[in-house]
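The values are calculated or read from the model by the stated rules, or taken from the named source; none is laboratory data. In this text the structure is predicted, and so the values were computed from the model without any measurement. Cβ placement follows ideal geometry from the backbone for every residue including glycine, while neighbour counts extend to all protein chains displayed. Accessible surface is based on the protein model in full, side chains and every heavy atom, while ligands, DNA and RNA are left aside. Shrake-Rupley method; radii C 1.70, N 1.55, O 1.52, S 1.80 Å.
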Amino acid sequence: GKMAAAAARGGSPSLAAGEEEPLLGLDSLGEEAAPSAGFRLTAVRREPAVRLQHGVSGLEPLAWSEDHRVSVSTARSIAVLEQLSDVHSGGQEMVIHRTAVPAPSTSCHLKVGPKKEVAECKEKFASSADPTVSQAFMLDRVFNPEGKSLPPMRGFKYSSWSPLGCDANGRCLLAALTMDNRLTIHANLNRLQWVQLVDLTEIYGERLYETNYKLPKADTAKGELGDFSEFQRRHSMQTPVRMEWSGICTTQQVKHNNECRDVGSVLLAVLFENGNIAVWQFQLPFLGRESITSCNTIESGVSSPSVLSWWEYEHHNRKMSGLIVGSAFGPVKILPVNLKAVKGYFTLRQPVVLWQEMDQLPVHSIKCIPLYHPYQKCSCSLVVAARGAYVFWCLLLISKAGLNIHNSHVTGLHTLPIVSMTADKQNGTVYTCSSDGKVRQLIPIFTELALKIEHQLIKLSEVFGSVRTHGIAVSPCGAYLAVVTTEGMTNGLHPVNKNYQVQFVTLKTFEEAAAQLLESSVQNLFRQVDLTDLVRWKILKDKHIPQFLQEALDKKIESCGSTYFWRFKLFLLRILYQSMQKAPSEALCKPSHEDAKILISDSPRMGSAEDDQEGRTSKQASKQSLRDTGKGMDVDDTAEEALPRSSDTGGREPMDEKLLEIQGHIEAVEMHLTREHMKRVLGEVYLHTWITENTSIPTRGVCDFLMSDDGYEDRTARV
C-alpha cells in the first residue's frame, strides 16, 4: 500500500516504503492520525501575487487548463493568466501573461416563444393578482435578467477548459457561462484578444423553438405560454447549471480516393436546471457554428441537479464513457451516453447509482480520475465528490463479474463546507479547501479490496498570513496550486476592504519536478511548463545546475538520444546563462572596456536565435571574439567544467569566461538539434515522395550543410 501510495504521490522515485522525509512547513494534523512521512509536502509561496480588478463570482471560480492558462471568473470578466517559461528572463518570479474575456454588454433573454407573446405574458404575470405568481415572477432572475430595481446580473457563473488541441492553433477552448445564463465558447487566436466563436444558448433556444419545446422522447403535450407553469418549464429546460468537456475522440474518415484520415471531435455536455443534458459534438479544429456536428438531449431524471462530470474508462482497449450527475439533495449517479457517431466508443447499458440517499448534502463538485489498480492489474476509475464538509469517493472497476463499485465518505476534513475541489489526474491526488484558508491533500492508497484515503492539512495562513479562500486549482503536472484569496480576520475583526488575489504555492520540490521531467512519457516541454518553471526558479536562485540532474540527463542522452532530452539540456543551459548575467544596475556601475569592443567589432559571428535576444549589452558584445572557441567544445564535458557554481567569486574576467563557456555549450547543443531537425525534414521528404527517374528534390543546401563538417560522423546524414 505504501509503495502504491508513493507512486500516487508522484514524488521522488527513490523514496522507499520505510524512508522518511523531513517535515517542512506542514501544519500538524491535531488529533487525527498523521499520514506516513513519505507524503509530507512543502508548501512554499511563489511570486507574483496577481491582484484582480473585481471580486470573484460563481462556483469554482478557478480552473487551470492543459495549456497552462488559469481562468478566474469575476463580476465583470474572466481573467486569464497564462504561465510562460521565458528562457530570456533573469527574474525569479513566475512569468505570467494576462488577458481577459469581457462579460457581454447586453442581458441574455432565453427564447421561450415569439417576442410579442412573451412580452404580453411577462406583463400578465407581473400584474397578476395571485401573489404566488407575481412574486415568483418578479424575483426570479432567469425571467428578469435586467433586474430593473434589482442589481444587474453581471459576471460569470462557471468556466470550463477543453482538452489541448481543440482550437485552430491546437490549444484549449474556453466555455463560459454568465450569471444571466448565456453559454458561449471563446478562443484566443492572436494571443492578445479572446474571440467569441459561438453562442450555444441562442442555438439551443432556436432548436427548442423549432420543435415547439417538446423533446423527441417526451410524452407531455405542449402547454400554452400563458400558463405560468409552462412559462417556467420552457425556461428551466434551457437554463444551464454546469458544462464539462469530454476527451478528444478520434475516428477515421474514408476520403473519395479511399485514403483514410484521422478526424477529431470533442463533446461538450451541458446540464440544465430541469435535469436534461445536452451533448454537443464539435468537429476539430473548432472554428464556429459550422463546426457543430450534432446536439442530443438526454433526460437524467435527477431533481435539482447541481454538478456534472465526464466518466471515461478504458477496458481491454475498449473506451467507455458516461456522465456523472450530482444533485443538490445528495444523490450521485452515472448516465449512459450513446455515441453512435463515434466508432470504438461504448457506454453503460443503464444508469448506475453511486449514492442514492437523499440526505440533503448538496454535491458541490465532482472529479473523475483514471488510475491503475496495482492488485487487480487493470485500470479503474476513482470518482470523488465534495458533499458539504465531507468527501464522497467511489471506486469503479470492471472485471469478468461486471462492474464493481466500492464507495465511502471521508470525514474530519474541514469544519466548514468545502468551497472548492481540484484534482491532479496524473497521480490521483485530490485537494479540497474551505473558506477559512485550510487546504486538505487527499492521497488514495490501494488495498486488496478497494482503497483507503490518507489526508493532511495545509494551512495557507502559514504561507500567506490570515486569508480567506474562495477557490483552488492545481496545475496540469501537479507542481503548483493556484488560490483565490482575500484578507482574513485580524485580531477578531473582519477587513474593511476586500482585495481579491490569485496566489501560487508549490506542491513539489525541485528534485521531484526534475525526476518527473526526466521520466516523462509526454516528452514535450511546453506541456510541462509548471515543472520547468520550478526547475528554472531553482537554477536562477542557486546559479548552478545540480550535479545529480546533470548526470541523469547525460545518461538519458547516451541511452536513447531523444531530442526531448537535448531540448531539456538546452533549456537548462539557457537558464544557467541568464543566472550568471549581471543585473542591469550592476552592469551600469561596472561598464566593460570600450577598446575590447573596437578590436572585435569586425569578427565573424555565427548567430543563433538567442544571440539576437542576448546581444544587447556591452558585455555580451565582447564575447563574440571567442565564439569560435565555444563552437568546438565537447557537449559531454564534466559538470564542473560546463556548469560553474556560484561559489566561484572571481572578478569580471572569470565571470565572462564562465559565460563564454556556457555559451559554447549552448551553441553545441543548438547545432546538434539543428542537424537532427534537418535530417527529420529530409526523411519526411524522401519517404513520402514518389520518386521517378527524372524527379529532382530541391534540398536548399540542407545536404551540403550536413556534410560540410568533416568532424561530424553521422551515417544517417550521409544516407
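Structural remarks
- Test: residue in the range 248-268 that is part of a loop (DSSP other than H, G, I, E, B), under 19 Å from Leu197 (Cα atoms) and open to solvent by less than 30 Å² (accessible area, probe 1.4 Å): no
- Qualifying residue in the range 296-304 (condition: hydroxyl-bearing (Ser, Thr, Tyr), open to solvent by less than 20 Å² (accessible area, probe 1.4 Å) and outside any strand (DSSP E or B)): yes
- Restricting Glu667, Glu676, Glu684 to residues that are assigned to a helix (DSSP H, G or I), modelled with pLDDT of 75 or more and farther than 23 Å from Phe568 by Cβ narrows the list to Glu684.
- Within the range 344-370, considering residues that are in a loop (DSSP other than H, G, I, E, B) and modelled with pLDDT under 90, the one nearest to His316 (Cα to Cα): Gly344
- Test: residue in the range 454-467 that is within 24 Å of Thr532 (Cα to Cα), of a type in the set (Val, Ile, Thr) and at pLDDT 95 or above: no
This table checks each residue for (1) among the aliphatic types (A, V, I, L, M); (2) touching a helix residue (DSSP H, G or I) at 6+ places or on another chain (Cβ under 9 Å); (3) under 19 Å from Leu335 (Cβ atoms).
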{"site": "Lys367", "(1), (2), (3)": "no, no, yes"}
{"site": "Val391", "(1), (2), (3)": "yes, no, no"}
{"site": "Cys394", "(1), (2), (3)": "no, no, yes"}
{"site": "Lys400", "(1), (2), (3)": "no, no, no"}
{"site": "Leu403", "(1), (2), (3)": "yes, no, yes"}
{"site": "His409", "(1), (2), (3)": "no, no, no"}
{"site": "Leu416", "(1), (2), (3)": "yes, no, no"}
{"site": "Ser420", "(1), (2), (3)": "no, no, no"}
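- Matching strands (runs of 3 or more DSSP E) fully within the range 98-212 where at least 2 residues are at pLDDT below 90, open to solvent by 50 Å² or more (accessible area, probe 1.4 Å) and of a type outside the set (Ser, Thr, Tyr): none
- Counted residues, the range 518-535 - those being open to solvent by 40 Å² or more (accessible area, probe 1.4 Å) and assigned to a helix (DSSP H, G or I): 2
- Test: Asn404 is under 18 Å from Glu273 (Cα atoms), open to solvent by 40 Å² or more (accessible area, probe 1.4 Å) and in contact with a strand residue (DSSP E or B) (Cβ under 6 Å, 6 or more places away or on another chain): no
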